[in-house]
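Trainee: First the structure, then my questions, so here it is.
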Amino acid sequence: MERLRKYEQYIPLIFLIIFAIIIWFFAFLYNNHHNYLEVVFLDVGQGDSIYIEAPNGKQMLVDGGPDAKLLSSLAKVMPFADRSIDMVVETHPDTDHIGGLPQLLDNYKVTNILENGATSDSKTFSALEEKISEDKINKIIARRGMRIVLDAEKNIYFDILFPDRDVSNLDSNDGSIVGKLVYGNSSFMLTGDATLYTENQIEWNENEDTLKSDVLKLGHHGSRTSSSILWLEKVNPKVAIVSAGKDNKYGHPHQETLDRLSSLYIPFLSTAEIGNIIFKSDGTKLVY
């Protein structure tokens, strides 16, 4: 008993040391950024969400999936102590792309949000817009020619290819934001629910060098209404991504789309089968 009392004076010091180690550990996680670009096609069920982190630690989220599953998927790829995101891109206001964003804003500090300028009558859209206003998030309307710089030192950027006009009167999917993420020799074409119509507009506006990308996120979850043969030929991806829920009621990806991919020898990966799909690039080599 006397020996125990002898060491009681050291207990506060031990707790202080443990506390300091914990603080150091989380600070290390927060500040220890990667030397590579990380792009993760998140498994959010029947919807879209893509997490992007540049080597400098700047983060962008493209779409938010249909519901709160977004948060559990994000937790697998973001540092535990990191509760902020620099930019959220809402490709269009359909619920399977924005359903998880209200909960995201409840749990993370978001600095900027990029929208296509279209609106929706859904309660989800109204709730999201209300939170954007309450949190005083900087809202930007996307237009062709905009460039979002994620890492100036390493020249990592996201170029907006569409919309090239006011899309408020278009079909919701037709007005999707389409952009190309570039880091050195690695590139990703991110399409939201872009349709054949949208693809045609982009093909008209852009040259083939702009369209060519290593990774193509197939429009509209691999629907037959997207990913024409001409579009696939011009983007010419090394791999295509299907973001969809397992055994979804829409039958995504449609067999017609898979047949087009097969005819051009383009392999595909699906979040429904794999879960989170992670790509990493050092600007020269792309691995997944």
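Trainee: Exactly one of (1) surrounded by fewer than 14 Cβ atoms within 10 Å (Cβ to Cβ); (2) more than 14 Å from residue 198 (Cα to Cα) is unmet by residue 165. Its number?
Mentor: Condition not satisfied by residue 165: (2).
Trainee: Just give me the residues in region 62-84 being within 13 Å of the chain's Cα centre (by Cα) and among the acidic types (Asp, Glu), in sequence order.
Mentor: Of everything in region 62-84, just one residue is within 13 Å of the chain's Cα centre (by Cα) and among the acidic types (Asp, Glu), namely 63.
Trainee: Tell me, yes or no, whether region 126-136 has at least one residue that is surrounded by 20 or more Cβ atoms within 10 Å (Cβ to Cβ), touching a Ser or Thr at 6+ places or on another chain (Cβ under 8 Å) and either assigned by TED's automatic domain parsing to the domain that holds residue 88 or in a helix (DSSP H, G or I) (or both).
Mentor: Here is the first cut: in region 126-136, the ones surrounded by 20 or more Cβ atoms within 10 Å (Cβ to Cβ) are 128, 132.
If we keep only those that are touching a Ser or Thr at 6+ places or on another chain (Cβ under 8 Å) too, we end up with none.
No; the residues of region 126-136 include none that is surrounded by 20 or more Cβ atoms within 10 Å (Cβ to Cβ), touching a Ser or Thr at 6+ places or on another chain (Cβ under 8 Å) and either assigned by TED's automatic domain parsing to the domain that holds residue 88 or in a helix (DSSP H, G or I) (or both).
Trainee: Only one of these is in contact with a helix residue (DSSP H, G or I) (Cβ under 7 Å, 6 or more places away or on another chain) and under 26 Å from residue 54 (Cα atoms): 193, 214. Name it. Spell out how you get there, then give the answer.
Mentor: Working: 214 fails: in contact with a helix residue (DSSP H, G or I) (Cβ under 7 Å, 6 or more places away or on another chain).
Answer to the selection: 193.
Trainee: Another one. Count, please, the residues in region 61-76 that happen to be of a type outside the set (Lys, Arg) and farther than 13 Å from residue 102 by Cβ.
Mentor: Step one: of region 61-76, the residues of a type outside the set (Lys, Arg) are 61-68, 70-75.
Remaining after also requiring farther than 13 Å from residue 102 by Cβ: 61-63, 72-75.
The number of residues fulfilling the criteria is 7.
Let's see how each residue does on (1) of a type outside the set (S, T, N, Q); (2) over 30 Å from residue 184 (Cβ atoms); (3) out of contact with any Asp or Glu (no Cβ under 7 Å at 6 or more places or on another chain):
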| residue | (1), (2), (3) |
| --- | --- |
| 68 | yes, yes, yes |
| 95 | no, yes, yes |
| 104 | yes, no, yes |
| 107 | no, yes, yes |
| 123 | yes, yes, yes |
| 132 | yes, yes, yes |
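Trainee: Would you confirm whether any residue within region 160-170 is within 30 Å of residue 249 (Cβ to Cβ) and in a strand (DSSP E or B)?
Mentor: Taking region 160-170 first, the residues within 30 Å of residue 249 (Cβ to Cβ) are 162-163, 167-170.
Going one step further and asking which of them are in a strand (DSSP E or B), we end up with 162.
Within region 160-170 (the criterion being within 30 Å of residue 249 (Cβ to Cβ) and in a strand (DSSP E or B)), the answer is yes, since at least one residue qualifies.
Trainee: Scan region 236-277 for residues that are more than 14 Å from residue 218 (Cα to Cα) and of a type in the set (Phe, Trp, Tyr) and jot them down.
Mentor: 250, 265
Trainee: Further question on the same structure: Given the criteria part of a strand (DSSP E or B), over 21 Å from residue 170 (Cα atoms) and touching a residue at least 60 places away in the same chain (Cβ under 8 Å), does residue 150 qualify? Let's see the steps before the verdict.
Mentor: Details: part of a strand (DSSP E or B): yes; over 21 Å from residue 170 (Cα atoms): yes; touching a residue at least 60 places away in the same chain (Cβ under 8 Å): yes.
When the stated conditions are applied, residue 150 passes them.
The values are calculated or read from the model by the stated rules, or taken from the named source; none is laboratory data. In this text, all values refer to a predicted model and were calculated from it rather than measured experimentally. Backbone-built Cβ (ideal geometry, glycine too); neighbour counts: all protein chains shown.
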